[in-house]
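Below is one structure, written out as structure tokens; the observations come after it.
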Amino acid sequence: MESGFSSDFGSDFGSGSGGGGKLDPGLIMEQVKVQIAVANAQELLQRMTDKCFRKCIGKPGSSLDNSEQKCIAMCMDRYMDSWNTVSRAYNSRLQRERANM
């Protein structure tokens, strides 16, 4: 994974056509933010999958029965609703704290 990380940044570090080897801090910061957002989305999906699987699937098999499908759908909906509620509260708190600085 590190090689992918390095190669993602390696081709975009130059600033302008001069190729003087200067790094663009703004570009680097944006790329890091994108990488963090992707990692957070992957973690959310993994946690939701793990929790809902443990809650809803009693005996893993080749297919899900109707009750397992409903349980998975409801579990994922509740998980996403909870995630969104917590995210909104966290972002609101961050904005209040920034405003008070």
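With all protein chains kept in place, the per residue accessible area of segment 17-101 amounts to 83 square angstrom at a probe of 1.4 angstrom.
Relative to the present Cα-Cα distance, how much length would full extension add between E97 and V32 at 0.36 nm per residue of separation?
Fully extending the segment from E97 to V32 adds 21.1 nm.
The values are calculated or read from the model by the stated rules, or taken from the named source; none is laboratory data. All values reported here derive from a predicted model rather than from experimental measurement. Only protein heavy atoms, including side chains, enter the accessible area calculation; ligands, DNA and RNA are left aside. Shrake-Rupley method; radii C 1.70, N 1.55, O 1.52, S 1.80 Å.
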